[in-house]
């Protein structure tokens, strides 16, 4: 999975592992992205949802064939806005 595909796409439903966060209690947390807002990401695990600020998180996204490390400050913003930016760049509007 390419990092550029992740940083410009929607993370909903992706399996993630928290690698770094100011609250050490969530480091190592593995779960599924349940929601993503402009500034937060919500991870579901064991019937609980934990919401973390993107500015402070480093996490790993797992897919069948690869793992990619993402710094949360690279994906601050709404997922739909990130996708629109890619489309604009591809068709030459920016």
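The values are calculated or read from the model by the stated rules, or taken from the named source; none is laboratory data. Treat the numbers as computed from the prediction; the structure is a model and nothing was measured. Ideal geometry is used to build each Cβ from the backbone, glycine not excepted, and the neighbour counts take in all protein chains shown.
In region 10-26, how many are over 9 Å from the mean Cα position of the chain (by Cα) and surrounded by 14 or more Cβ atoms within 10 Å (Cβ to Cβ)? Residues meeting the conditions: 7. Search region 45-93 for residues being in a helix (DSSP H, G or I) and closer than 18 Å to residue 15 by Cβ, and hand back the single one that is modelled with the lowest pLDDT. Applying the filter and picking the extreme gives 79. When region 29-44 is filtered for residues that are in a strand (DSSP E or B) and surrounded by 15 or more Cβ atoms within 10 Å (Cβ to Cβ), the ones remaining, listed by number, are 31, 32, 33, 34, 36, 40, 41, 42, 43.
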